[in-house]
1. So which of B:Gly209, B:Gly195, B:Gly200 ends up being more than 24 Å from B:Ala96 (Cα to Cα), within 14 Å of chain A (Cβ to nearest Cβ) and modelled with pLDDT under 90?
2. Of the residues B:Ser408, B:Ser378, B:Ser417, B:Ser396, which is within 14 Å of chain A (Cβ to nearest Cβ), assigned to a helix (DSSP H, G or I) and not basic (Lys, Arg)?
3. So, in the range A:148-161, exactly how many residues are of a type in the set (Lys, Arg) and more than 7 Å from chain B (Cβ to nearest Cβ)?
4. Would you point out which residue out of B:Pro438, B:Pro405, B:Pro411, B:Pro400 is touching a Phe, Trp or Tyr at 6+ places or on another chain (Cβ under 8 Å) and either modelled with pLDDT under 95 or closer than 17 Å to B:Tyr281 by Cβ (or both)?
5. Answer yes if at least one residue in the range A:128-137 is at pLDDT 85 or above, surrounded by fewer than 21 Cβ atoms within 10 Å (Cβ to Cβ) and part of a helix (DSSP H, G or I), and no otherwise.
6. In the range A:188-200, which residue that is surrounded by fewer than 22 Cβ atoms within 10 Å (Cβ to Cβ) and without any contact (Cβ under 8 Å) to a residue 60 or more places away in the chain is farthest from the other protein chains (Cβ to nearest Cβ)?
7. Please determine, by comparing only the residues of the range A:162-180 that are among the charged types (D, E, K, R) and either away from chain B (no Cβ under 14 Å) or not in a loop (DSSP other than H, G, I, E, B) (or both), which one is surrounded by the fewest Cβ atoms within 10 Å (Cβ to Cβ).
8. Give me the residue from the range A:230-276 that is outside any loop (DSSP other than H, G, I, E, B) and within 14 Å of chain B (Cβ to nearest Cβ) and, out of that set, surrounded by the most Cβ atoms within 10 Å (Cβ to Cβ).
Amino acid sequence: MKRREFIKYSAGSIALALLGKYVGGPVLGKIAVDETGKSPVKSKTKEKARAIDGLGTVADPSNRFGLAIDVGACIGCRRCQWACKESNNIPDTISPPWIEVFQLEVGQGVTGEPSLEDLRDGATTSYTKSPLAGKWYMPVACNHCDNPPCVKVCPTGATFKDKDGIVLIDYDKCIGCKFCVVSCPYTARRFNAFIPEIPPEKVNPMVPLRVEGVVEKCTFCVQRTRRGTLPMCVEACPVGARHFGNLNDPDSEISSLLNSNPYFQLLGELNTGPNMRYVTRGKKWIK
Amino acid sequence: MDQITIKSREERFLQPIHKQPKSESKLSPREVQFLRPILRTGKAFYVVIPALIVLVLWVLYAWYTQLTQGLSVTGLRTPVGAIWGLYITNFVFFVAISAAGIAIASGIRLFKLKDYIALARMAELATIFSLMMAGMSIVMSIGRPDRLFNLILNFPARLPSSPLIWDVMAVFVYLVFAITYLYIEMREDMARLVGKVKWGWLYKLLLPGYRIGERHRIEKIVFWASIFNFPIMFMMHTTVGWIFGLQVGRPGWYSTIFGPYFVLGAILTGMSVVVILAAIYRKAFQWEEFIRPVVFKGLSKFLMWMSILYLYFILSEFMTVTFAGPSGEQAVWESLTGGEFAPLFWLQNGALVIAFLLFFVNTVFKKAFRIGTTVIASCLVVFALWIVRFLIVVPSLLRPFLPFPTGSYNPSWVEWSLVGGVFAIEILLFMVFTKVFPIMPVTELMAEEEEGNHA
């Protein structure tokens, strides 16, 4: 009988604990209510956002951010890459930047060499190498998928999809198992194998410093876009090939661009629901 | 009739601990044979143990290097190159070894396979130590081992969606189950040896609440545990397969075959490891009498079926991908069949085919049967299946969907050290256990023998 009682009580307490976890009620301790009197479940989102940009921005659920890239306009200068690296506190010693630019040849698909070496020389060097005649350029980064495989597989919940559609990573929660890296079809995620070192004068205070041993990727510059400014890659683009905006708003620039032009998404057949759109109106419109 | 024999056995072997005489001479000649590793220490022991300890110290140094400098000391890179490498290969490999142990032990006890009883405990140990080493490989592979506890903190929230969490759960459940199983079935042996061998004091510490006549209840527990073992085993190995099989992110992984493929691979690896273990123990402690050739014959037959089935799975995958596979999958298979991984791939297939042929000859031509060939074939299988795991993990990572450069994966000295070290630690654990605890299930073997005498 004793054994039976033991099983009964332990099963009961496990059930209670789980209940407490999901309901968030005062099952096992004091009621946790923050200053505003909201339930602790909601304040969790706040904490996450704070961990991401260090300033405590909160996702606005009425937004759904997306990025459209005009493939015909892109000249492959890699300024977006450089701006991203500079503004997101990515030191030279660390993994490559979050944006990658592929070189394509008309009629032959992708032929270009990737720009890893270019980047090591600095963006200005690669700028002089492009644009080449007869080549097209296609920048890729995190697609902030609607059905993100990386979020599904994360064993700790460190990576999550926020309410405005941005897929973010909590650098303090990530254990560096790299499952999300291998689950991403876009190879968008980077692992910080090296200990990040950045000179203090180059630090952007809006962005947390890079953490060693965790995974990171494009955040759609969450510290800027949630305050109404554009991501750094969009600001840095000299030809206006990048268009960032709210896909929910039918009057936004990105919506009108996508409504009036053909576009494609990368690997949409994998049911990831990518939020990067590649507009294909050719090169003719550029005079 | 049954009751009587059990009672008489009890009277003979299960005296209260404190009443047992404290001299080693009280061991019966049979028991002395079973307890050779505890009673005697050969020269080889004094050579191998220091060598292993030196290896383990080297591993600790390599691990220290990795912990202080991060994974930059390995060959793992993003986005170009592989981010999962030898550590994950080793993880999958060791999880696979763990299949056999408890499966064999449970099978022996459920179906009363008397000839195989001598293998039961070494098989269980293979499970326990391999699972420990699998866990260690995971800790080695992650970037922030200091945050490992996050896995447990977020367990309930992540359970619905993360295959890795399923796997963590499966490994934990299986490890706890295996240790409990081993402990419960070993109580009887420890009880009978208290006061008879030098480790008696340790056994006494490990036997709280021991009562005479416990054996009937333990037999019942072991029976039910043996039944429950099989679903746990399937769960375990299927979830490892699903780590890869449920991912669309890399070509070559997303596949329905991966669950069964991994279960079969695990059975094949585990059984082969048990064959090798049995042969080593048989040779080292002159146990030819207890581990008879019929054991190797039986395992050889079983492994013949398993290895041909595994080859069939490989063929099935090959056909599907080459005939109808999308371009991403084709690229991975090209790297296997004709690209940079071709030598490994064909070595693996060749080893598996040769192993199958050896098992086949052993089984079909009764006169040609040799224990040696069985062991060689098992070694080939273990070798081939380590490569299989490597070729599941790495080539897919070197062929991403987007046109990133192919890159290459060059494991660093740290990785090789840690991978080798995991094997060294496993062997060390085996040797220490053999020295301290009875590796043969003494009570069960003695009972078997008695029944044999009666019949």
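The values are calculated or read from the model by the stated rules, or taken from the named source; none is laboratory data. Fair warning: this is a prediction, and the values are worked out from it, not measured in the lab. With ideal geometry, Cβ positions are generated from the backbone for all residues, glycine too; neighbour counts draw on all protein chains shown.
1. Details: B:Gly195 fails: within 14 Å of chain A (Cβ to nearest Cβ); B:Gly200 fails: within 14 Å of chain A (Cβ to nearest Cβ).
Just one listed residue meets the conditions, B:Gly209.
2. Exactly one residue qualifies, and that residue is B:Ser396.
3. To start, the set of residues in the range A:148-161 that are of a type in the set (Lys, Arg) comprises A:152, A:161.
From what is left, the residues that are more than 7 Å from chain B (Cβ to nearest Cβ) are A:161.
Here the count works out to 1.
4. Numbers: B:Pro405 fails: touching a Phe, Trp or Tyr at 6+ places or on another chain (Cβ under 8 Å); B:Pro411 fails: touching a Phe, Trp or Tyr at 6+ places or on another chain (Cβ under 8 Å); B:Pro400 fails: touching a Phe, Trp or Tyr at 6+ places or on another chain (Cβ under 8 Å).
When all the criteria are applied, what remains is B:Pro438.
5. No, there is no match, as no residue in the range A:128-137 is at pLDDT 85 or above, surrounded by fewer than 21 Cβ atoms within 10 Å (Cβ to Cβ) and part of a helix (DSSP H, G or I).
6. Step one: filter the range A:188-200 for residues surrounded by fewer than 22 Cβ atoms within 10 Å (Cβ to Cβ), giving A:194-200.
Of the ones still in play, those that are also without any contact (Cβ under 8 Å) to a residue 60 or more places away in the chain are A:199-200.
Working: A:Pro199: 19, A:Pro200: 21 Å.
Once the filter is applied, the top-ranked residue is A:Pro200.
7. Residues of the range A:162-180 among the charged types (D, E, K, R): A:162-164, A:170, A:172-173, A:178.
Among the residues that remain, those that are also either away from chain B (no Cβ under 14 Å) or not in a loop (DSSP other than H, G, I, E, B) (or both) are: A:162-164.
Values: A:Asp162: 24, A:Lys163: 13, A:Asp164: 21.
For the range A:162-180, the residue satisfying everything is A:Lys163.
8. Going residue by residue through the range A:230-276, those that are outside any loop (DSSP other than H, G, I, E, B) are A:232-236, A:242-246, A:253-260, A:263-264, A:268-270, A:276.
Still in the list and also within 14 Å of chain B (Cβ to nearest Cβ): A:264, A:268-270, A:276.
On the way: A:Phe264: 11, A:Gly268: 12, A:Glu269: 10, A:Leu270: 17, A:Met276: 22.
Step by step, filter the range A:230-276, then rank; the result is A:Met276.
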